[in-house]
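> Structure below; questions to follow.
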Amino acid sequence: MATPFTSDEIDAIRATTPGCTDRLIHLNHAGSSLPDQRVLDVQIGHLRREATIGGYEAAAEVAGDDAAVYDSIATLIGSRRHEIARMEHATAAWNAAFWAIPKRAGQRIITHDHDYGANWIAFLRAVEVHGVTIDRIPSDAHGQIDLERLATALEHPDDVALVSLAWIPTSGGLVNPAAAVGALTRAAGVPFLLDACQAVGHLDIDVEAIGCDALSATGRKFLRGPRGSGFLFVRGDAVDHFVPAQPDHHGADWTAMDRYVLAPGAQRYEYWEYSHASWLGLGAAIDVAASLGVDRIQATVAQRATQLRDRLAGASMNVHDEGIAKCGIVTTTHPRLTAAAVVSELRANGVNASATFEGSARADMEARDLPSMVRLSVHCTTTTDEVERVAAILAGL
Ligand SMILES: Cc1ncc(COP(=O)(O)O)c(C=O)c1O
């Protein structure tokens with residue numbers, strides 16, 4: 001287990017992060033985190049070049065840097081560069097994989113209560129389009145996907161189109177046992193689509209150890225990258241089994257008037273046009289995270305979230321987090337005030353937080369009969385003092 005950053009190390013990380021000031025306590029990293037100055041410089045520098053010499057000409061200048069972002073991502077998650085597709089955000093990445101995975105009428109999509117709202121909408125659409133059914137695996141006593149029930153659901157693998165799992169759900173505080181799910185799906189030969197939107201930059205990731213066939217990610221959350229950036233991983237040996245739903249002339253080669261050939265590797269999921277500034281910024285964010293050590297970021301986030309859960313309990317807040325392994329997202333309610341009221345009180349006191357809503361987490365909220373909750377999310381930039389100050393504000397409401 002890696003050691004958390006010391007307070008001096010945290011001060012040094014904060015010193016290169018313009019959003020870290022005495023005037024703001026940012027506890028909304030699960031919404032959109034605070035980028036390092038190097039990320040900002042790369043983005044603004046590229047936008048300037050686009051405005052000065054033209055977008056295509058500026059892109060040609062940084063072709064090598066653009067290509068290097070694939071290497072940075074591959075190193076981050078233990079994959080190979082041709083298994084990575086550039087995406088604008090996690091939902092775009094997840095949908096690219098989801099709609100590429102073959103589905104037959106009558107097959108099941110296996111999922112869990114903590115899967116994300118956007119993914120549930122796609123399941124419902126797939127019921128309409130493909131005649132599949134949704135097989136909802138309940139949580140076990142700890143709140144994570146029930147592995148015994150999953151093993152039973154996989155006993156007839158031909159009936160299953162895919163297994164979908166949110167590794168770190170949008171709320172609920174848990175880290176789902178992705179590697180245990182991967183072991184079951186691999187044994188059954190069923191595609192495993194892992195939503196790692198809240199996990200990249202938050203957990204040390206090795207896609208080989210997890211055994212997922214596809215993984216979707218966003219840049220702006222725990223990677224501290226730009227908004228409008230993300231990526232998709234599709235395992236090399238899965239690429240030929242999955243067919244992108246809407247390839248363009250970058251994802252496929254138009255070889256004759258009546259023919260096209262899909263690009264090799266994950267490029268087949270990409271579109272030609274994209275924000276070069278955001279992509280380069282994502283690369284810079286990943287390089288910053290790598291230089292800090294994602295294992296140490298993970299240890300620091302876990303330590304700070306534990307402190308926050310302790311102090312919230314001391315401030316008479318209800319904490320609704322589940323899981324054997326917990327993450328940096330803390331969900332809580334006030335004994336009297338609504339989540340929206342608490343978020344606006346926090347905002348008035350210079351604290352950024354968010355409120356959960358049913359559209360993101362309906363299955364979990366209904367299963368646990370939860371109201372909208374305050375979501376406080378820490379990062380390696382969060383200090384122990386900030387946690388104490390937020391707990392004191394909440395205790396005083
Ligand atoms: C678990 C999870 N999956 C997917 C998403 C969607 O990510 P994006 O907004 O980058 O598409 C979110 C966003 O909060 C999320 O929390």
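> For segment 10-37, enumerate the residues that are in contact with a His (Cβ under 7 Å, 6 or more places away or on another chain) and within 11 Å of ARG220 (Cα to Cα).
We begin by selecting, within segment 10-37, every residue in contact with a His (Cβ under 7 Å, 6 or more places away or on another chain); these are 19, 29, 33-34.
Correct list: HIS29, SER33, LEU34.
> While we're looking at this one, here's another question. So how many residues does segment 98-123 have that are in contact with a strand residue (DSSP E or B) (Cβ under 7 Å, 6 or more places away or on another chain), in a helix (DSSP H, G or I) and over 21 Å from PRO177 (Cα atoms)?
1
> ASP36 - would you say it is surrounded by 16 or more Cβ atoms within 10 Å (Cβ to Cβ), within 16 Å of the ligand (Cβ to nearest atom), closer than 27 Å to PRO169 by Cα and not hydrophobic (A, V, I, L, M, F, W, C)?
Judged against the criteria, ASP36 is not a match.
> Also: I'm trying to understand the selection: among the residues of segment 74-96, which are closer than 15 Å to ARG220 by Cβ, in contact with a helix residue (DSSP H, G or I) (Cβ under 6 Å, 6 or more places away or on another chain) and either of a type in the set (A, V, I, L, M) or away from the ligand (no atom under 16 Å from the Cβ) (or both)?
Result: MET87, single match.
> Give the residues of segment 379-389 that are closer than 12 Å to VAL351 by Cβ and within 25 Å of the chain's Cα centre (by Cα), sorted by residue number.
Correct list: THR382, GLU386, VAL387.
> Look at segment 225-269 and say how many of its residues are surrounded by fewer than 20 Cβ atoms within 10 Å (Cβ to Cβ) and either charged (D, E, K, R) or in contact with a Ser or Thr (Cβ under 6 Å, 6 or more places away or on another chain) (or both).
9
> To continue, here is another question. Go over the candidates SER316, SER216, SER229, SER291 one by one and state the one that is out of contact with any Leu (no Cβ under 9 Å at 6 or more places or on another chain) and either at pLDDT below 95 or among the hydroxyl-bearing types (Ser, Thr, Tyr) (or both).
Being out of contact with any Leu (no Cβ under 9 Å at 6 or more places or on another chain) and either at pLDDT below 95 or among the hydroxyl-bearing types (Ser, Thr, Tyr) (or both) holds for just one of SER316, SER216, SER229, SER291, which is SER291.
> Still on this structure: Quick one: which of THR21, THR75 is surrounded by fewer than 23 Cβ atoms within 10 Å (Cβ to Cβ), assigned by TED's automatic domain parsing to the domain that holds LEU174, modelled with pLDDT of 95 or more and on the phi < 0 side of the Ramachandran plot?
Exactly one residue qualifies, and that residue is THR75.
> For segment 126-185, which residues satisfy the criterion of being part of a helix (DSSP H, G or I) and within 16 Å of the ligand (Cβ to nearest atom)? Before you say what the answer is, go through the steps one by one.
Within segment 126-185, the subset part of a helix (DSSP H, G or I) is 126-130, 147-153, 157-159, 178-185.
Selection gives ALA178, VAL181.
> While we're on this one: May I ask you to verify whether GLY189 is in the same structural domain as LYS221 (by TED's automatic domain parsing) and either at pLDDT below 95 or within 16 Å of the ligand (Cβ to nearest atom) (or both)?
No; evaluated as a whole, the condition is false for this residue.
The values are calculated or read from the model by the stated rules, or taken from the named source; none is laboratory data. Keep in mind it's a predicted model, so treat the numbers as computed, not measured. All Cβ positions, glycine included, derive from the backbone under ideal geometry; neighbour counts span all protein chains shown.
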